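Take a look at the structure below.
The values are calculated or read from the model by the stated rules, or taken from the named source; none is laboratory data. Keep in mind the model is a prediction, meaning the values are calculated, not measured. Methodologically, a virtual Cβ is constructed for each residue, glycine included, from the backbone with ideal geometry; neighbour enumeration extends over all protein chains shown. Ligands, DNA and RNA are stripped out before the accessible areas are found, and what is left, the full protein with its side chains, is counted by its heavy atoms. Shrake-Rupley method; radii C 1.70, N 1.55, O 1.52, S 1.80 Å.
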Amino acid sequence: MERPALSVLINNYNYARFVGRAIDSVLSQDAGNVEIIVVDDGSTDQSRSVLEAYGSRIKVIFQENAGQAAAINTAVASSMGEILCFLDADDWWAPGKLSATAAAFRANPQASLVYHRLQPTLIDGTPTSKPIPRTLCSGALSPLLTRSAGWWPFPMTSAVAVRRSAWDAAGSIPEQFRISADSWLVGIYPFLGDVIAMPDPLGFYRIHNNNWYRSTEDATTLRRRMTHWQRTVEATNLFLSAHQLPARLHLTDHYPYRIASAKLQGADARTRFKLAVEGLFFAGEPNLLRRTRDSLRAARGLSRLGLDVGLSEAAT
């Protein structure tokens, strides 16, 4: 049999109500020579019956629950395509996504990663807000990531495709990325080749309470994000060292981490002013207007009384 040019890798955990739409959006693509692999990561809902109904049109692997990184690693290990396209089971793609991705890789032989925007939707699929990310970044991004502790206007998992040769060079996703495995993809692959951004929203990102990013922030969510960012910086530096790459990341350059810390601890007027100025020069947002808006908005939103202080006072 001819080796597939593209492998579509879907990770699913208890998304029986969504995964069918994800699969159907792949089956309706106009690209040829595509394989579809779905890894069910120990679902306890009706996912098995939904997936088995597709028969030979897809390859399904059932495994015990081990997290998103493990599910993606399993899918890649079972795939054969030269281009690996990732899709979360609660998202879906627009027509033409795969053919556009394949064309972008053909046109850019030095590219390790190709991505596009996603259209956010409500849980029922109704579009909401503008496509993300707003700022697009293409080319050699490793200098940018080095100055921003790995932060950039990165795409979500369902917008990302990588070249298999880059995957082989990077190795499997460390299983510490049990959730938000896209942090590894968008944080490591820019050090292995160019990044190509396609401006069209070629997929749909469903927003609901199981997503990593919520509509509201609390102390627990902020601490979890900060821990994740810290571990991501550590994992990236281990990778760079192991591959004898000279770049190193420094958490002090991670502006969102510093803002989250200030939200927890509280910030006086001097601290708010200092963070506003730092944000104006933050390398992680290349667009000057958005960088200015975001830094002023972030600093203005800080309170003298931090969330941690508020929680401790409420408990007394």
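Couple of notes before you dig in:
- Taken over the stretch 102-213, the convex hull of the Cα atoms encloses 110 Å³ per residue.
- Efficiency of FRET from Cβ geometry, residue 122 and residue 45, R₀ 22 Å, rounded to 0.05: 0.60
- The charge dipole of the stretch 135-283, taken about its Cα centre with unit charges on the Cβ atoms of Lys, Arg (+1), Asp and Glu (-1) only, comes to about 380 debye.
- Highest-MSF residue in the chain out of 208, 116, 228 [GNM, Cα springs under 10 Å]: 208
- When only Cα pairs below 8 angstrom with a gap of at least 6 residues are kept, the chain shows a relative contact order of 18 percent.
- The stretch 203-208 - phi-based ³J(HN,Hα) in whole Hz, Karplus 6.51/-1.76/1.60, Gly and Pro as x: x, 10, 10, 7, 9, 7
- Screening the chain for whole DSSP H helices with an alpha carbon extent of at least 24 angstrom along the helix axis and a mean Kyte-Doolittle hydropathy of at least -0.5 yields 219-242.
- Once divided by 2.2 N^0.38 Å, the Cα radius of gyration of the stretch 219-299 becomes 1.22.
- Percent accessible area from carbon and sulfur atoms, the chain, protein chains only, probe 1.4 Å: 54 percent
- Computed E for residue 175/residue 250 - FRET, C-beta separation, R0 22 angstrom, nearest 0.05: 0.30
- Translational diffusion of the stretch 12-110, µm² s⁻¹ [Kirkwood Rh, Cα pairs; Stokes-Einstein; 10 °C; 1.306 mPa s]: 113 µm²/s
- Working from label points 7 Å from Cα in the Cα-to-Cβ sense, the residue 230 to residue 289 distance is 3.8 nm.
- Of all lysines in the structure, those lying under 23 Å Cα to Cα from residue 59, and not within fewer than 8 positions of it along the same chain, are 97.
- Using a probe of 1.4 angstrom and keeping all protein chains present, the accessible surface of the chain works out to 47 square angstrom per residue.
- In straight-distance terms, cross-link reach from residue 274 covers every one of the lysines whose alpha-carbon lies under 24 Å from its own, apart from those fewer than eight places away in the same chain; here that gives 263.
- Here the chain is treated as a sphere whose radius is the Kirkwood value from Cα pairs; by Stokes-Einstein at 4 °C and 1.567 mPa s it diffuses with a coefficient of 63 µm²/s.
- Helix-only [θ]222 nm of the chain, DSSP H runs n ≥ 4, -39500 (n - 2.57) each, per residue, nearest 500: -12000 deg cm²/dmol
- Square roots of five times the Cα gyration tensor eigenvalues for the stretch 93-152, Å: 25, 19, 7
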